[in-house]
Structures are given as C-alpha cells and as structure tokens.
Amino acid sequence: MSLNIAVIGAGIMGLSTAYKVMKDIPNSKVTVFFDKCSPETTGNVAAGFIYPYPCGRPYADGQDEPKLFGWFEKTMDWLKVLYKNPDAYKMGINPVSGYIMGGAVPEYATKLFPDFREIDPKAQSAFMIPQQPGYTFTTWQCDCSKYLPWLMDQIKAMGGRFIRHHINAFSDLKDFDVIVNCTGINANFITNDKKMQPDRGQVIVVKAPWINHFYISGTDTYILPRMEEVVLGGTHQVGDYNLKENPEDTKKIWRECLKICPSLKYGEIKEVRVGLRPGRSAIRIEVEEMNLDGKTVPVLHNYGHGGAGVTFHWGCAIEASDALQTYLKKIKKTKNSSQLSIKDIIPMVNAATLSCQSKL
C-alpha cells in the first residue's frame, strides 16, 4: 500500500508517530510540516524524565488506568531496547536514579520501576537535605535535545521529508491521502478543541556535572539531571500562554531547589526556558473522517498529553499507528465489497434464483 501522508508537528509526538507509521506501512510517503523543530520544541524544554506526570484527569473521556499503564509500559520497553544500542548516547537515552519526596506515584507506574521502594531512613540521613519520607527508583532519561534529531534522521533515512510551513487548516493538506495531527497545544486552534488548555512550564537549565541523581519534591519542585546539564523546575500554570520568562518564577525555582541541593549555588545558569504543555481532559488518539473541499480525508489525531508526552510517547505512537491501520483495513474491505463486477454479481443472482425455485 502506497500512501501519501502529511504529519503536522515535529515535536516528540509528531516524530515518533511519523516514524512508527513509516515502519508499519511500507512504501508510505511521509511529509512532516512544522512551525518549530528541535531545539525549539516543548520537548526540548522538558527534562525528558520518564515519569507519569499529569496528562489530564485519568478517568475522563474513558481514559482509564489500564490504558495509561499500557502506554507507559511500551515506552519503557522501547527505551530499554534503545539503551542497548551502541549509539544510545547519541539518542539521548540513559538510566537515572533518585528520590521523590512528598508526592504520590500512581500504582500502575510503580510496577514498571524495577527497584521502586520506600526511602530507607539511613539513605534519608546520608543523601537527602532536607530529610523527607518518600520513594527511590531508577527510570529512563530521554534527552529530547538528542532524541528528536535522532528521530528526524531515522525518518529522513526512510525517505521522509520535512517542510517548515505553518498549516492554518486541514484543508491546506487536502491533496494528501492521510493527515496526522500531532500539533500539541496548537490543536486548540486547528481543531477548535475546547478541551485543550496550556499548562505553562518554566525551568532553569544549569551546568552542574556533579548532580547525577534526580530529586522531586511535591508537584512543582524538581532537580532532573540530563546528560550534559541539569533542569530545575518548575511551574504548572494552567491557561497561561505566556512564553516569556517570569523573573518571580525564576527566583522561586532557584530558591526551592537550593533547599534540596545547596551546592547548586555553584552551578552555571545557562538559560531559562518556557514551554506550554498541551493540557487536555484526556489524550485524544482516534481517526476522524473530514470533508475537505469535497474530498473525504482521514485525520489521525494524537494530542493532549499534558506533561506526560515524553513518558507516553512511544505507547501513544503505537496506538495511533494501530488506529490508522485498522481504519485503512476497514476502508479497503468496504471498497472491495462495493466494487463487485458484473461477473461477480451474475452467479450470486443465479444462486438466489435457484434457491427461491427450490422452495416453490
């Protein structure tokens, strides 16, 4: 099957979905349209820390815990495979251990952290300032400053194209066979989805190579080491589209992180970053048929991941690709059944006639 597919968005969801679709549908021709790509994406602002951050109300719109568990598990398995590759460093994949204090971890997630356990009082005394009860575990780091360029290279190697061009409406892409919508927070505008809202995040990026454990305290305070820098956060400001630094947020982040790790005062501040998490009541993955200037075009939606885009990205890419393949098989079956030739129809009519005569 040869399909001409347009993907809107070059963030982690757009690139992972494009890559998975190209793998699953041979000979498909994929063009990725984007306003921003790495290092300009929201994923580049994120620490790339694999952890089930909020992505909406877990049980809204039929999005239940088993589904979240499945996306999380498949992403963890994918990163495990990549880490065994000799080029794991170039991909940005690495394990990282640390502590979470004063916050609850979803039960489904704890099952996938192989060494998840309560922090031992001796460990609290030795390694934590201030000392708080909580949990310790090892997870994956997916550094998007490396991972997104690697995904782009993989897509290009399979024949994919990238075009920096703003898509105002799906009708701009009506000549494509399939449109894949991975527009993140911009789904609010291109789909007029009233369930979408920004969740503004501001972080400080520092050079502090001696920090090699993560620390998460409560909802908004975290110290997350990446391969070559440390990300300090953060904020969760729902409904705020402001992409400029808020100096008061910067001061608060710095102050709270120093309480956890005082030696950060020697860190070199590289920059302050701001991004908009694509908040929604639940992640949307589905195929919608649209009439675009008289032509029916399937649009595959994959957006609304909130702060858990990196954590769920591969599991969601698998589900999106599966949804598209299921739709295409259904369309092919319907098309075949509606295109019976006269040679196919005559035997069916004769058989029906004989059947009726036998009952007379």
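Worth pointing out:
- For the peptides 181-192, 83-94, 268-279, 9-20, residues were scored by their other Cβ atoms within 10 Å and the scores averaged per peptide; the highest-first order is 9-20, 181-192, 268-279, 83-94.
- A Förster radius of 45 Å combined with the Cβ-Cβ distance from D77 to N168 puts the calculated FRET efficiency at roughly 0.75.
- Eligible lysines near K265 by straight Cα distance, threshold 17 Å, same-chain separation 8 or greater: K207, K251, K252
- Pairs from the table (K20/K156; K74/K329; K295/K335; K156/K295; K20/K195) lying more than 18 angstrom apart at Cα are K74/K329; K156/K295; K20/K195.
- Overall, the accessible surface of the chain at a probe of 1.4 angstrom is composed of carbon and sulfur to the extent of 53 percent.
- Counting only alpha carbon atoms, the long axis of helix 65-83 and the longest principal axis of the chain meet at about 70°.
- Packing here is the average count of other Cβ atoms within 10 Å per residue, and on that basis the peptides 312-321, 155-164, highest first, run 312-321, 155-164.
- Note on K90: aspartates and glutamates with a C-alpha under 18 Å away, same-chain residues under 8 apart excluded, are D143, D153, E228, E229.
- Heavy-atom accessible surface of the chain, averaged per residue, reaches 49 Å², computed with a 1.4 Å probe.
- Cα extents of the chain along the three principal axes, largest first (Å): 93, 44, 41
- Here the chain carries DSSP beta bridges of which approximately 70% are antiparallel, counting only pairs with both residues inside.
- Spatial separation of Cα centroids for segment 96-131 and segment 193-224, in angstrom: 17
The values are calculated or read from the model by the stated rules, or taken from the named source; none is laboratory data. Only a predicted model underlies this, so the values are computations on that prediction, with no experimental measurement involved. Using ideal geometry, Cβ is built from the backbone for each residue, glycine included, and neighbour counts are taken over all protein chains shown. These area figures cover heavy atoms from the full protein model, side chains too; ligands, DNA and RNA do not enter into them. Shrake-Rupley method; radii C 1.70, N 1.55, O 1.52, S 1.80 Å.
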